[in-house]
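Beneath this line is the structure, given in structure tokens, with notes to follow.
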């Protein structure tokens, strides 16, 4: 047995670390740094110099800042190095990207190059096949949060997080008005979480006690979601949601837009009209919030089931990495 066959598989992940990337990394795999953001591995020169020190490169994200031609150039460099690429398609339309065309160009370059494509839902896999002609392996989004013991949800409390103005949320005031109406109609109240980026609260009149604005606290975001009966996802574009998985983990019902594959990700969501083609339907959000409040909050996800799910997801990643590394040695 050669040294290459005997040692652990060396994997570069881009980004180097985040809750999802950390969760799905199999035991026994060596994650190669550095832990910089943006990743230096996205630089063709750095990639060329350091390619001999890795076996597999796995892209989850972290490339959205690059121009289209630079991503194409990077994938051409990756082919020349011989390092196999795995890519997980988290977003087919990224709400952080202003230009859909650039997102499509990035995905086209990555999917044309990747040896293996992963995604999180059957619907996303079908869309990848239809749009890009690639078969994607579906792996579940694993647990990324644990309920805080003794922290209960407030019956009737609806929450919605709003960052700064962006194309994915063009009418924050309209969202707040509709969510507030649904919360009041359902006998509850609305809490709007604002990022600490200077974004002013939307000017929405409300009866006393029915609307409050609070800072979103990244360090205790899972706990803030756990305190809710219902969480509203506001973006009109996107494919999958980490916040949705946190809500599943901690036992908070989700009201999700009709875009993307949120209902595939977790079947126990209430959907409202909000997408790039049809725009935002405030009446449907009002009704969805009120309907969600008539249902009891879901139980937190069973931890044993989540552990089994995570083990299965890690096993898929481990098998993919081992096979690609072996194929490279044998090439």
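Residue under question is residue 313, and the condition is that it be under 15 Å from residue 118 (Cα atoms) and in contact with a strand residue (DSSP E or B) (Cβ under 6 Å, 6 or more places away or on another chain); does it hold?
On the way: under 15 Å from residue 118 (Cα atoms): yes; in contact with a strand residue (DSSP E or B) (Cβ under 6 Å, 6 or more places away or on another chain): no.
It is false that residue 313 is under 15 Å from residue 118 (Cα atoms) and in contact with a strand residue (DSSP E or B) (Cβ under 6 Å, 6 or more places away or on another chain).
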Restricting attention to segment 241-254, does a residue exist that is outside the structural domain of residue 26 (by TED's automatic domain parsing), in a loop (DSSP other than H, G, I, E, B) and more than 19 Å from residue 224 (Cβ to Cβ)? no
For segment 119-139, enumerate the residues that are surrounded by 15 or more Cβ atoms within 10 Å (Cβ to Cβ) and either outside the structural domain of residue 321 (by TED's automatic domain parsing) or more than 17 Å from the chain's Cα centre (by Cα) (or both). 126, 132, 134
Give segment 146-158 a look and list any residue that's touching a strand residue (DSSP E or B) at 6+ places or on another chain (Cβ under 7 Å) and either farther than 30 Å from residue 219 by Cα or assigned to a loop (DSSP other than H, G, I, E, B) (or both), or say none. 156
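Counting only residues that are on the phi > 0 side of the Ramachandran plot, give me the helices (runs of 4 or more DSSP H) lying completely in segment 1-119 with at least 3 of them. Give the derivation first.
Numbers: elements: 3-6, 19-24, 44-50, 68-81, 100-113.
Result: empty, no element qualifies.
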Go through the residues of segment 48-55 one by one and say whether even a single one is buried (at least 18 other Cβ atoms within 10 Å of the Cβ), assigned by TED's automatic domain parsing to the domain that holds residue 312, at pLDDT below 95 and in contact with a strand residue (DSSP E or B) (Cβ under 6 Å, 6 or more places away or on another chain). no
With (1) crowded, with 19+ Cβ neighbours inside 10 Å; (2) on the phi > 0 side of the Ramachandran plot; (3) modelled with pLDDT of 95 or more as the list, and residue 238 as the residue in question, which single condition is left unmet? (3)
Is it true that some residue in segment 261-277 is in the same structural domain as residue 114 (by TED's automatic domain parsing), touching a helix residue (DSSP H, G or I) at 6+ places or on another chain (Cβ under 6 Å) and on the phi < 0 side of the Ramachandran plot? no
Taking into account only those residues within segment 120-138 that are touching a residue at least 60 places away in the same chain (Cβ under 8 Å) and in contact with a strand residue (DSSP E or B) (Cβ under 8 Å, 6 or more places away or on another chain), which is nearest to residue 108 (Cα to Cα)? 124
Here are the criteria: (1) assigned to a strand (DSSP E or B); (2) within 23 Å of residue 146 (Cα to Cα). Tell me which single one residue 228 does not satisfy. (1)
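Mind checking which residues of segment 199-213 are surrounded by 11 or more Cβ atoms within 10 Å (Cβ to Cβ) and touching a helix residue (DSSP H, G or I) at 6+ places or on another chain (Cβ under 8 Å)? I'd like the intermediate steps shown before the answer.
From segment 199-213, those surrounded by 11 or more Cβ atoms within 10 Å (Cβ to Cβ) are 199, 201-202, 204, 206, 210-213; that's our starting set.
Answer for segment 199-213, where residues must be surrounded by 11 or more Cβ atoms within 10 Å (Cβ to Cβ) and touching a helix residue (DSSP H, G or I) at 6+ places or on another chain (Cβ under 8 Å): 202, 204, 206, 210, 211.
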Restricting the first residue to segment 283-296 and requiring it to be farther than 18 Å from residue 155 by Cα, which pairs with a second residue that is surrounded by fewer than 20 Cβ atoms within 10 Å (Cβ to Cβ) and at pLDDT 95 or above meet a Cβ separation below 8 Å and a spacing of at least six or different chains? 284/273; 285/273
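From the list 95, 44, 100, 34, pick out the single residue that is in contact with a helix residue (DSSP H, G or I) (Cβ under 9 Å, 6 or more places away or on another chain) and either surrounded by 14 or more Cβ atoms within 10 Å (Cβ to Cβ) or within 22 Å of residue 244 (Cα to Cα) (or both).
Working: 95 fails: in contact with a helix residue (DSSP H, G or I) (Cβ under 9 Å, 6 or more places away or on another chain); 100 fails: in contact with a helix residue (DSSP H, G or I) (Cβ under 9 Å, 6 or more places away or on another chain); 34 fails: either surrounded by 14 or more Cβ atoms within 10 Å (Cβ to Cβ) or within 22 Å of residue 244 (Cα to Cα) (or both).
So the residue among 95, 44, 100, 34 that is in contact with a helix residue (DSSP H, G or I) (Cβ under 9 Å, 6 or more places away or on another chain) and either surrounded by 14 or more Cβ atoms within 10 Å (Cβ to Cβ) or within 22 Å of residue 244 (Cα to Cα) (or both) is 44.
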Condition check: surrounded by fewer than 17 Cβ atoms within 10 Å (Cβ to Cβ), assigned by TED's automatic domain parsing to the domain that holds residue 288 and either out of contact with any helix residue (DSSP H, G or I) (no Cβ under 9 Å at 6 or more places or on another chain) or not in a loop (DSSP other than H, G, I, E, B) (or both). Does residue 187 satisfy that? no
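Let's see how each residue does on (1) surrounded by 17 or more Cβ atoms within 10 Å (Cβ to Cβ); (2) in a helix (DSSP H, G or I):
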position: 144; (1), (2): yes, no
position: 161; (1), (2): yes, no
position: 182; (1), (2): yes, yes
position: 196; (1), (2): no, no
Give the residue, chosen from 291, 223, 304, that is more than 23 Å from residue 190 (Cα to Cα), more than 18 Å from the chain's Cα centre (by Cα), surrounded by fewer than 20 Cβ atoms within 10 Å (Cβ to Cβ) and at pLDDT 95 or above. 304
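The values are calculated or read from the model by the stated rules, or taken from the named source; none is laboratory data. Since the structure is predicted, the reported quantities are computational estimates derived from the model, not experimental observations. Glycine also receives a Cβ, built like all others from the backbone with ideal geometry; neighbour counts cover every protein chain displayed.
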